[in-house]
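Colleague: Okay, here's the structure, questions in a sec.
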Amino acid sequence: MMKDLFEVTSTSRTAAGYAPAVSALCNRVSPRHWASRLIQIFLLLALASAVQASDLSATVDRNQIGIDETLNLRLRYSGDESGGQPDFELLEQDFDILSRQQSNQYRVINGRAESFVEWMLTLAPKREGKLFVPSLHYKGQVSDAIPITVTEAGSSPNAGDRQAFLEVELDKEEIYVQEQLLVKVRLYTTVGLHDIATEPLQIPGAHVEKVDEQRYERRINGVGHAVYELTYAVFPESSGELTIPQLNYVAVAGRRDPFSLFNRNSQRLRLRSEAKTIEVQSKPDQYSGSHWLPASSLGIVQSWSQDPENFRVGEPITRIIALRAEGLRAAQLPPLPKLGVDGLKTYPDQPQQDDQVDQSGVTGSRIETTAIVATKPGDYQLPPITITWWDTKTGRQRATQLPAFRFTVSGAAAAAPSQQPGERLPELKPGTEPVAEQSQFWRNLAIAALASHLLWLLYFFYLRNRGSITSSVEEKRQPNAEQQARALEKAVQSGDPQKIQQAILNWLRTRWPHISGKTLSEANRELRFEELQKLQRLLDAALYLTPPRPLNQQQMQILVSRLLKRELVESDAEEAKPLPDLFA
């Protein structure tokens with residue numbers, strides 16, 4: 001009976017269509033059973049109407065797509081809707097659901113009212129081949145399965161005029177373990193894109209760091225493309241095959257329509273890059289260095305807190321050694337050998353490590369500071385420091401050496417140590433009283449210490465009462481920012497990178513006394529001025545590269561002129577300023 005009912009509902013969708021069948025049925029029914037037959041007829045009509053009202057249908061905008069494209073699935077349910085949604089678990093086995101929207105609609109067509117609920121899903125295929133949008137279930141209704149053909153990227157019928165695509169480029173075909181590999185990911189588009197969701201590059205067994213981000217234009221086959229480029233520095237931790245996995249970007253093409261519920265004027269794109277593989281070689285057997293350092297360049301330089309010609313016994317002087325390598329992180333740089341010279345006491349400070357990034361990758365630096373105190377006069381020689389490293393540009397071992405350093409220490413020797421075992425005491429002359437002389441010495445020393453203590457107390461109270469006057473006098477004695485600015489301009493004219501670096505640091509400390517950094521890189525991290533970053537990059541190239549890169553004096557003058565006009569509030573404003581939209 002139910003089968004006959006569905007056949008009736010499939011041939012006639014209006015109440016008038018049932019009239020002939022009802023009339024024939026009534027002619028065969030006796031008056032005695034008229035009432036029961038009439039009730040059965042009304043129940044059949046109500047059931048047929050209910051079956052007609054409840055319907056679940058699924059449609060897609062296209063059945064053939066590329067692996068890097070998306071499709072739209074429209075699921076409509078005509079019937080009583082009381083909340084809930086279909087189960088999409090089977091759908092997620094072969095597709096990623098990028099977006100999901102729901103709407104309830106009511107409309108009247110030719111005097112006939114209908115209501116339905118609709119789901120709009122944006123799907124991205126997980127693999128190539130023959131896939132199916134499975135049959136979906138909702139409130140006892142089942143939709144039809146839909147076949148989908150997924151081709152490889154760029155092989156779909158409209159691949160020649162794709163609106164957007166991804167490209168991955170490696171700067172080398174093979175590398176050594178722990179060597180820097182630059183991976184550039186480019187997003188090309190010929191239309192405006194917005195709401196771009198980028199997937200960060202993650203590689204198991206490698207350290208990955210984003211070093212650059214650029215936007216520019218490029219013409220391909222005569223067609224202009226906007227390009228969004230990300231550069232990553234990758235450092236493999238072990239040898240073997242390294243795989244750069246596929247990256248997935250999701251973006252919306254077209255303009256946003258705030259008055260459209262589903263943004264029908266826009267199209268959601270899913271972009272997928274190709275996976276890349278590269279062979280990672282182990283450390284060469286002919287490498288003889290104690291630390292494996294694959295770098296494109298490595299330099300070492302030293303500086304002193306004062307002129308080494310003025311060394312004196314008992315006065316500390318600070319030695320600063322900077323080790324800098326392009327293509328290596330600071331954590332990869334080795335500690336420098338300890339200094340052990342007879343007659344010199346050393347007090348090393350904690351090393352400072354810093355990584356600077358730009359479009360060429362990571363440049364790591366390690367700065368070691370040591371205070372040296374001479375205990376006796378004479379001529380000294382600090383041994384040379386040699387760093388062995390592997391030149392990734394030429395593919396051979398190299399060595400960078402800090403030459404031996406000679407200097408002379410003047411002054412009297414420090415106090416002699418106490419009597420050593422076996423040492424004979426000098427003979428006393430007749431009539432001397434050594435015990436009394438020793439006693440008198442300690443008494444005079446105690447009196448001098450007491451007098452010195454009283455003088456310090458008096459001086460402390462004097463400073464406390466006259467603190468404001470003293471501070472104003474000291475401020476007048478200290479050079480102001482204008483004097484340091486003039487000194488900086490003179491240093492730029494001289495072209496000496498060390499003088500320029502020190503002059504910039506002196507001006508920064510005078511201009512902003514709250515800076516706690518002792519070096520230019522530390523001050524740069526606190527202030528984050530664009531001109532200061534560029535100046536430091538030029539100075540580092542002139543000081544630490546091998547061979548050193550000559551300074552562009554005109555560029556230095558322009559950057560210094562801009563730096564002298566800087567205000568701290570401008571830096572804060574730049575830091576709080578949000579990034580602009582990518583393309584839309």
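Colleague: May I ask you to say which residue of Ser561, Ser494, Ser516, Ser521 is surrounded by fewer than 17 Cβ atoms within 10 Å (Cβ to Cβ) and modelled with pLDDT under 80?
Modeller: After applying the criteria, what remains is Ser516.
Colleague: So, one more: Could you go through segment 108-130 and let me know if any residue there is open to solvent by less than 40 Å² (accessible area, probe 1.4 Å), among the small types (Gly, Ala, Ser), modelled with pLDDT under 85 and closer than 17 Å to Ser57 by Cα.
Modeller: Checked segment 108-130: no residue is open to solvent by less than 40 Å² (accessible area, probe 1.4 Å), among the small types (Gly, Ala, Ser), modelled with pLDDT under 85 and closer than 17 Å to Ser57 by Cα.
Colleague: Then there's this: When you check Leu271 against the structure, is it part of a strand (DSSP E or B) and at pLDDT below 85, yes or no?
Modeller: It is true that Leu271 is part of a strand (DSSP E or B) and at pLDDT below 85.
Colleague: Inspect segment 241-251 for any residue being modelled with pLDDT of 95 or more, within 23 Å of Asp358 (Cα to Cα) and either in a strand (DSSP E or B) or open to solvent by 60 Å² or more (accessible area, probe 1.4 Å) (or both) and give the result as yes or no.
Modeller: For segment 241-251, residues modelled with pLDDT of 95 or more, within 23 Å of Asp358 (Cα to Cα) and either in a strand (DSSP E or B) or open to solvent by 60 Å² or more (accessible area, probe 1.4 Å) (or both): absent.
Colleague: Exactly one condition in (1) open to solvent by 50 Å² or more (accessible area, probe 1.4 Å); (2) outside any strand (DSSP E or B); (3) at pLDDT 90 or above; (4) over 24 Å from Gln533 (Cα atoms) is false for Ala331; which is it?
Modeller: (4) is the only condition that Ala331 fails.
Colleague: Answer yes or no: is there a residue in segment 284-295 that is modelled with pLDDT of 85 or more, in contact with a strand residue (DSSP E or B) (Cβ under 8 Å, 6 or more places away or on another chain), under 30 Å from Ile97 (Cβ atoms) and surrounded by fewer than 13 Cβ atoms within 10 Å (Cβ to Cβ).
Modeller: no
Colleague: Also, quick follow-up: Quick one: Ile515 ticks every box in (1) farther than 15 Å from Arg566 by Cβ; (2) not in a helix (DSSP H, G or I) bar one, so which box is it?
Modeller: The failed condition is (1).
Colleague: Next up: Of all residues being open to solvent by 40 Å² or more (accessible area, probe 1.4 Å) and small (Gly, Ala, Ser) in segment 160-199, which is farthest from the chain's Cα centre (by Cα)? Just the residue, please.
Modeller: Gly160
The values are calculated or read from the model by the stated rules, or taken from the named source; none is laboratory data. All values derive from a computational prediction rather than experimental measurement. Because the Cβ atoms are built from the backbone with ideal geometry, glycine has one as well, and the counts that use them run over all protein chains shown. Each accessible area value is taken on the protein alone, full model and side chains, heavy atoms only, with ligands, DNA and RNA left out. Shrake-Rupley method; radii C 1.70, N 1.55, O 1.52, S 1.80 Å.
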